[in-house]
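Everything on this sheet refers to the single structure shown next.
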Amino acid sequence: MSRIAKQNEYVVLLNSVKARIRQAQYDALKAVNKELIALYWDIGSMIVARQEKEGWGKTIVERLAKDLQAEFPGVAGYSRDNLWRMRKFYLMFKNNEKLAPLVQEISWTKLVVVMESCDTDLEREFYIRMTRKYGWTKNVLIHQIDNKTYEKTLLNQTNFDKALPEKIRNQAKLAVKDEYTFDFLELGDEHSEIELERAIMNKVNRFLIEMGGAFTFVGNQFRLEIEGREFFIDILLYHRRLKCLVAIELKTGDFKPEYAGKIQFYLAALDSMVKEKGENPSIGIILCKDKSRTIVEYALRESKKPIGVAKYQIVTKLPSTLRKELPAPEQIAKLMDDIK
């Protein structure tokens, strides 16, 4: 065997060993985290049981924190505040059969963020499942909660129910929000589509995070040539879990019905010319500065291609009137079964 061939074989071996070590480290961290969450659950359970049985109040938690810190010096996690969080953790999830197994899948620091920031079991379930599925860091999780991702996902306007195969329908709904927040772009209220696109390209990683975390960037001004004529898609992404191309059209004004026809054309061309065998149908997202929900509904009603229409904001806000339009709890629960 030549020296070069031996070197190549060694590189293969080295990469295999490194991959196995990383997997072992990841598995070990998961096991440690699972045990830590189980420990905090048990401590919370014991505190609650004793308080209920003996009628103890707040002072017992403060005393317990001092004694544990004295017994285990240098070990973080046994402060008074954290013991109260363990108690809250147990009480919050003990009667929730769906969430109790899931809480061990994310870290304690992320669980604390969810417990302190979310108001309902369904909202907590959404963020726990999304954090587990997309590997959100603590800062990304906080960003998603601050930007009202839960509400904006459930309020989204798409025609996916009739335009996508059933196997990916719910997952696709969860991949498109009703509104995106681009506060990282540093744009003023008045800007052109070219300025918006350039600003996004300068912060493309932040853009992908805001879009949901499972997208990869394919290109901007993506060129399609059809019978000698050129057409350009503003931004083309690929959704790794849905296994499909996602064409994004940027509009700095209100939504207009004719935008749906244009994105349908792009999707037909992508499916015919770019989509690989085995991939799912391409999806279109029209990002507008504003929209009428009724006009969007009419525009998408007869469309055969899967399209979502969303707004973008440079600052975070969700009109209180839209909160009343959230789906019923049973519909939300059914949808979240697809966040695995």
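Structural remarks
- Residue that is surrounded by the fewest Cβ atoms within 10 Å (Cβ to Cβ) [pool: residues in segment 191-201 that are of a type outside the set (A, V, I, L, M, F, W, C) and within 19 Å of residue 311 (Cβ to Cβ)]: 192
- Selection status of residue 204, open to solvent by less than 40 Å² (accessible area, probe 1.4 Å) and without any contact (Cβ under 8 Å) to a residue 60 or more places away in the chain: yes
To keep it simple, each residue is scored yes or no on (1) polar (S, T, N, Q); (2) more than 30 Å from residue 302 (Cβ to Cβ).
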residue	(1), (2)
139	yes, yes
172	no, no
178	no, no
182	no, yes
186	no, yes
214	no, no
218	no, no
226	no, no
238	no, no
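- Helices (runs of 4 or more DSSP H) wholly inside segment 1-110 that include at least 1 residues being open to solvent by 90 Å² or more (accessible area, probe 1.4 Å) and at pLDDT below 90: 3-54, 58-71, 80-93
- Just so you know, in segment 227-237 the residues that are part of a strand (DSSP E or B) and open to solvent by 50 Å² or more (accessible area, probe 1.4 Å) include one that is nearest to residue 291 (Cα to Cα), and it is 232.
- Residue match in segment 76-85 (condition: more than 26 Å from the chain's Cα centre (by Cα) and more than 27 Å from residue 128 (Cβ to Cβ)): no
- Annotation note: of 219, 188, the sole residue that is assigned to a strand (DSSP E or B), surrounded by fewer than 20 Cβ atoms within 10 Å (Cβ to Cβ) and not β-branched (Val, Ile, Thr) is 219.
- Once segment 138-148 is narrowed to residues that are surrounded by 14 or more Cβ atoms within 10 Å (Cβ to Cβ) and at pLDDT below 90, the residue that is nearest to residue 109 (Cα to Cα) is 140.
- Extreme residue, surrounded by the most Cβ atoms within 10 Å (Cβ to Cβ), among residues of segment 245-278 that are touching a helix residue (DSSP H, G or I) at 6+ places or on another chain (Cβ under 7 Å) and in a loop (DSSP other than H, G, I, E, B): 255
The values are calculated or read from the model by the stated rules, or taken from the named source; none is laboratory data. Predicted, not measured: the structure shown is a model, and the values here were computed from it. Positions of Cβ are generated from backbone atoms using ideal geometry, with glycine treated the same way; all protein chains shown enter the neighbour counts. Note: accessible area is taken over every heavy atom of the protein model, side chains too, but ligands, DNA and RNA are not part of it. Shrake-Rupley method; radii C 1.70, N 1.55, O 1.52, S 1.80 Å.
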